[in-house]
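Participant: Sharing a structure with you now.
The values are calculated or read from the model by the stated rules, or taken from the named source; none is laboratory data. Since the structure is predicted, the reported quantities are computational estimates derived from the model, not experimental observations. Glycine gets a Cβ as well: all are built from the backbone with ideal geometry, and neighbour counts include every protein chain shown. Side chains included, ligands, DNA and RNA excluded: accessible areas come from the protein's heavy atoms. Shrake-Rupley method; radii C 1.70, N 1.55, O 1.52, S 1.80 Å.
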There are 2 protein chains.
Amino acid sequence: MELTEATPDPGTARPGGRTARVRAAVLDATAEVLAEQGFAHLDLTDIARRAEVGKTTVYRRWGTVTGLVADLLLEMAQQSVPRTETGSLLGDLTANARLVQRTLADPRQGALFRAVIAAAGSDPKAAQALYGFYSARVEEWAPCVEQAAARGEVPDGTDAQEVIRATSAPLYYRLLTTALPLDTADADRAASAAAAAARAGAYVREP
Amino acid sequence: MELTEATPDPGTARPGGRTARVRAAVLDATAEVLAEQGFAHLDLTDIARRAEVGKTTVYRRWGTVTGLVADLLLEMAQQSVPRTETGSLLGDLTANARLVQRTLADPRQGALFRAVIAAAGSDPKAAQALYGFYSARVEEWAPCVEQAAARGEVPDGTDAQEVIRATSAPLYYRLLTTALPLDTADADRAASAAAAAARAGAYVREP
């Protein structure tokens, strides 16, 4: 699709005018190349061609491939699903774990996350953007642990962010270090393990 | 150091004769490039030069950069430390977690693990080798959970491999997705969380 100022197709356009549409096209192309070929194959001229956007625009607005990855991660953090409130710690952590599992088990999203994690290993600016993405996700979900502490489900002084990270960790570890499938049962096990450990006081901060 | 058939310096030589010394030099150079520059910069001719080994030898024995990574992971699995037996599940998992933490917190080893995980994301043969490495490590440590089940510390039917993976997972997740330090307290928390969840039955296999 050529990006124009013409009235957009309501089924495909994103709000925000031409600037937002250019950004959406460029970030879609970036995600596509990352998922299909990896960070090493990102190239600004190629992205401009795929997005059907002028090369000058891409160089001026994003500057480097790291700039593209950083902006993509910012967009992913802003677009990501708000947390669910179920009324129990196990319910909330299960909702969180299933969201992570669905994302990682999706071939395209899973490949994208692998690619940005790989990029972070070799590029400090991509790493900062990746840490920002995960920090935003952890902050979004941490209140479910604080609410569980207020309800008396977990001990006072429980590190809420650590419980959220513990819920995601086994799913990422399974994706990155094994050929095992990643299904709903894995999500549910990750959530119950984190909830059980939290109830047992494993995440209480050291005094 | 030039590799020769001459009597080796006992302080630096590895056992096994010239073939083993060539392999050691090539794998050392491979680990060095991976840790310093990443998978995308591996090159057989460069490895031959760094290892002071004939280019033909490297091409004939390893064939591709993926072949180098696969052999390095095989060597890492064979050289890795055998498990500790402390007599309690928490003690054994703590020993395991501290070993993982020390490895990942070491700048060189941490960079090497990041690089091989990144390589696995873009290269199916490197992925197979990586899965083999982690599978060997998990199998090495799984008996500590089976012994805990025999002692009645965890319920019958506990998935031993899943408990071992759960012990490592938060340490890898912290390394890959945050800028937070990775210290002994993180290892101890990962071990107590996995032990508490295992005692609570979170890793019992579905019937």
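Participant: Right, B:Glu153: open to solvent by 30 Å² or more (accessible area, probe 1.4 Å) and not in a helix (DSSP H, G or I) or not?
Facilitator: Spelling it out, B:Glu153 is indeed open to solvent by 30 Å² or more (accessible area, probe 1.4 Å) and not in a helix (DSSP H, G or I).
Participant: Search segment B:1-39 for residues being among the polar types (S, T, N, Q) and modelled with pLDDT of 90 or more, and hand back the single one that is surrounded by the fewest Cβ atoms within 10 Å (Cβ to Cβ).
Facilitator: Going residue by residue through segment B:1-39, those that are among the polar types (S, T, N, Q) are B:4, B:7, B:12, B:19, B:30, B:37.
Next, from what is left, pick out any that are modelled with pLDDT of 90 or more: B:19, B:30, B:37.
Numbers: B:Thr19: 10, B:Thr30: 26, B:Gln37: 15.
Here the residue is B:Thr19.
Participant: Filter segment A:78-91 down to the residues that are exposed (fewer than 13 other Cβ atoms within 10 Å of the Cβ) and not in a helix (DSSP H, G or I) and list them by number.
Facilitator: Of everything in segment A:78-91, those that are exposed (fewer than 13 other Cβ atoms within 10 Å of the Cβ) and not in a helix (DSSP H, G or I) turn out to be A:Val81, A:Pro82, A:Glu85, A:Gly87.
Participant: Taking A:Arg61 as the residue in question, decide whether it is of a type outside the set (S, T, N, Q), open to solvent by 70 Å² or more (accessible area, probe 1.4 Å) and not assigned by TED's automatic domain parsing to the domain that holds A:Ala195.
Facilitator: yes
Participant: Just to check your reading of the model, which residue among A:Ser122, A:Ser135 is free of Cβ contacts under 8 Å to residues at least 12 places away in the same chain and open to solvent by 10 Å² or more (accessible area, probe 1.4 Å)?
Facilitator: Exactly one residue qualifies, and that residue is A:Ser135.
Participant: Another question about this same structure. From (1) within 7 Å of chain A (Cβ to nearest Cβ); (2) in contact (Cβ under 8 Å) with a residue 40 or more places away in the chain; (3) small (Gly, Ala, Ser), pick out the condition that doesn't hold for B:Ala197.
Facilitator: For B:Ala197, the failing item is (2).
Participant: Does B:Ala160 fit the bill of being more than 18 Å from the chain's Cα centre (by Cα), buried (at least 19 other Cβ atoms within 10 Å of the Cβ) and either among the β-branched types (Val, Ile, Thr) or more than 10 Å from chain A (Cβ to nearest Cβ) (or both)?
Facilitator: Considered against the rule, which asks whether it is more than 18 Å from the chain's Cα centre (by Cα), buried (at least 19 other Cβ atoms within 10 Å of the Cβ) and either among the β-branched types (Val, Ile, Thr) or more than 10 Å from chain A (Cβ to nearest Cβ) (or both), B:Ala160 comes out as yes.
Matching residues to (1) open to solvent by 50 Å² or more (accessible area, probe 1.4 Å); (2) away from chain B (no Cβ under 13 Å):
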position	(1), (2)
A:Leu104	no, no
A:Ile117	no, no
A:Gln128	yes, no
A:Pro143	no, yes
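Participant: Hey, can you tell me all the residues within segment B:92-102 that are open to solvent by less than 20 Å² (accessible area, probe 1.4 Å) and either free of Cβ contacts under 8 Å to residues at least 60 places away in the same chain or outside any helix (DSSP H, G or I) (or both)?
Facilitator: Within segment B:92-102, just B:Asp92 meets the criteria.
Participant: State yes or no: is B:Ala196 part of a helix (DSSP H, G or I), open to solvent by 20 Å² or more (accessible area, probe 1.4 Å) and at pLDDT 95 or above?
Facilitator: When the stated conditions are applied, B:Ala196 does not pass them.
Participant: Is it the case that some residue within segment B:169-191 is facing chain A (nearest Cβ under 10 Å), part of a helix (DSSP H, G or I), touching a residue at least 24 places away in the same chain (Cβ under 8 Å) and over 25 Å from A:Arg205 (Cβ atoms)?
Facilitator: No, that holds for no residue.
Participant: Another question about this same structure. For the condition of a type outside the set (Ser, Thr, Tyr) and not assigned by TED's automatic domain parsing to the domain that holds B:Ala185, what is the one hit in B:Asp71, B:Asp123?
Facilitator: Testing whether each residue is of a type outside the set (Ser, Thr, Tyr) and not assigned by TED's automatic domain parsing to the domain that holds B:Ala185 leaves just B:Asp71.
Participant: For segment A:16-73, which helices (runs of 4 or more DSSP H) that fit wholly inside it have 2 or more residues that are touching a residue at least 40 places away in the same chain (Cβ under 8 Å)?
Facilitator: On the way: elements: A:17-37, A:44-51, A:55-62.
Of the helices (runs of 4 or more DSSP H) lying wholly inside segment A:16-73, those with at least 2 residues that are touching a residue at least 40 places away in the same chain (Cβ under 8 Å) span A:17-37.
Participant: Then there's this: Which one of the conditions (1) assigned by TED's automatic domain parsing to the domain that holds A:Phe39; (2) open to solvent by less than 30 Å² (accessible area, probe 1.4 Å) does A:Gly110 fail to meet, given that it meets all the rest?
Facilitator: (1)
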